Every structure is written in structure tokens, then in C-alpha cells.
Amino acid sequence: MSLKNHPKEGNFYETERLILRPITVDDREFIFDLYNRPKFIKFIGDRHLKNDSDAEAYIKNRFLPQLERLGFGNYLVITKEGNNKVGAVGIFEREGLEILDIGFSLLDEFEGKGYAYEAALKVKSIGMDDFGLKKISAITSKDNFSSQKLIEKLGLKFQKYVSLPGDNEELRYYETE
């Protein structure tokens with residue numbers, strides 16, 4: 001994969017209301033909380049993080065290698081007003097998908113404020129404009145209607161149903177045109 005830029009780890013991005021920064025091991029408590037929320041487990045999946053150490057290992061093994069290799073990955077979403085950690089958004093390599101996948105999740109108490117769309121739109125721009133990705137994909141469960149709506153608002157179009165390796169759930173698969 002040839003990328004236009006390869007910014008160094010630590011790049012921060014801003015939107016009107018948000019700061020996006022690469023997730024680090026210092027975010028283990030937040031990731032532990034976010035990834036164990038009932039909605040996360042229902043719509044994204046159980047990552048089997050049972051404590052902060054599991055979350056730290058997940059960050060070290062899943063997020064940091066991609067960030068180091070590609071220059072982008074999973075970003076913590078922080079509000080400018082109040083400096084609240086509200087969620088995560090990123091572009092990910094996923095086994096079973098040929099095209100890099102955009103993903104997002106917010107703490108329940110910050111949903112419905114437009115943060116996920118604002119952050120995902122910025123990450124889509126980072127991937128396509130800064131890193132030269134030609135296409136971005138997205139997957140979501142069939143009953144996650146709010147994510148489907150957001151993905152379509154980002155300009156991705158439903159293509160087909162897919163299942164990821166080791167998982168028989170049929171997911172909705174979207175791509176940029």
C-alpha cells in the first residue's frame with residue numbers, strides 16, 4: 001500500500017468541537033470502559049477485556065503496530081469544551097476485508113450530539129486526503145441502524161453482506177465510491 005504521507009505517531013487532529021489523537025497505553029482505562037459497554041459488545045463485539053491490563057495489551061497488540069506501520073489507526077475523541085473523552089474513531093486493517101475499514105464508538109452519554117459523525121468525517125478525510133487511500137469501507141451489524149445512517153451520511157454505499165473470519169454474523173458492508 002503506498003501512502004502519500006506517513007505522519008509520525010502523536011499527530012493530533014481537530015474539528016470544530018473535537019480533538020482526535022492516537023490512542024496510547026495511557027488510555028487503557030478509557031478503552032476498558034468503552035469496550036465493555038453493553039452497546040459496544042452488542043454491536044461491535046466482545047473483545048474480552050477483563051481489566052485495565054487486558055486493555056493495555058489490546059492497545060499494544062492491536063492499535064500501536066498499525067499506527068507505527070501505516071501512520072494512522074485508532075484515535076481518542078476528546079471534546080474541546082470540557083476536555084471529555086467521549087469515544088474512539090479510526091481506520092483499521094481488518095482480517096477478511098481488503099479495503100481499510102472506518103469504525104467508531106462513543107460512550108452512551110455522548111451519543112446523539114453529532115460527535116461520531118464529526119469525528120468519523122475527519123478520520124475519513126485523514127485517510128483519503130492525507131494518506132491517499134482510494135477507498136474506505138465500513139461494516140456494521142444488520143440491526144445497528146444508527147451506525148448504518150452515519151455510514152451512509154459519510155458517503156459510503158451499501159455493497160453486500162459479509163462475515164469476518166471466525167465469526168458467522170452477517171454484517172452490512174459499505175464502501176466509498
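The values are calculated or read from the model by the stated rules, or taken from the named source; none is laboratory data. Computed from a predicted structure; not experimentally measured. Cβ: placed from backbone, ideal geometry, glycine included. Neighbour counts: every protein chain shown. All accessible areas refer to the heavy atoms of the entire protein, side chains included, with ligands and DNA or RNA removed. Shrake-Rupley method; radii C 1.70, N 1.55, O 1.52, S 1.80 Å.
Rounded to the nearest 5, the antiparallel percentage of DSSP beta bridges internal to the chain is 95%. With the simple spin-label model, which puts each label point 7 Å out from Cα in the Cβ direction, the N168 to R94 separation comes to 2.0 nm.
Based on Cα contacts under 8 Å between residues 6+ apart, segment 14-86 shows a relative contact order of 43 percent.
The residues packed around V123, meaning those with a beta-carbon under 13 Å from its beta-carbon, carry a net charge of -2 if Lys and Arg are +1 and Asp and Glu are -1. Based on DSSP H segments of at least four residues, each scored -39500 (n - 2.57), the chain has a per-residue ellipticity at 222 nm of -7500 deg cm²/dmol.
Element breakdown for the chain at a 1.4 angstrom probe: carbon and sulfur atoms account for 46% of the accessible area.
A simple count of charges around L20, restricted to other residues whose Cβ falls under 10 Å of its Cβ and scoring Lys, Arg +1 and Asp, Glu -1, yields 0.
Computed over protein heavy atoms with a 1.4 Å probe, the accessible surface of segment 38-138 works out to 48 Å² per residue. Structural descriptor for segment 74-121: relative contact order 30 percent, calculated from alpha carbon pairs under 8 angstrom and at least 6 residues apart. Charge tally around S163: other residues with Cβ under 15 Å, Lys/Arg +1 each, Asp/Glu -1 each, net -2.
If you sort the three axes of the alpha carbon gyration tensor as a ≥ b ≥ c, you get a/c under 1.5 for segment 37-113, which makes it rounded. What is the Cα centroid distance between segment 32-60 and segment 77-112, reported in whole angstrom? Using only Cα atoms to place each centre, the spacing works out to 13 Å.
Remark: the chain carries a charge dipole of roughly 360 debye about the Cα centre, counting +1 on each Lys and Arg Cβ and -1 on each Asp and Glu Cβ. Taking trypsin sites (Lys or Arg not before Pro) across segment 18-85, the ones in a DSSP loop with at most 14 further Cβ atoms lying within 10 angstrom of their Cβ are K50, K80. Legend: P(r) of the chain from all alpha carbon pair distances, 5 Å bins from 0, whole percents, reading 1, 8, 17, 22, 23, 19, 8, 1, 0.
Normalised by the number of residues in the chain, the mean separation of alpha-carbon contacts (under 8 Å, six or more apart) gives a relative contact order of 19 percent.
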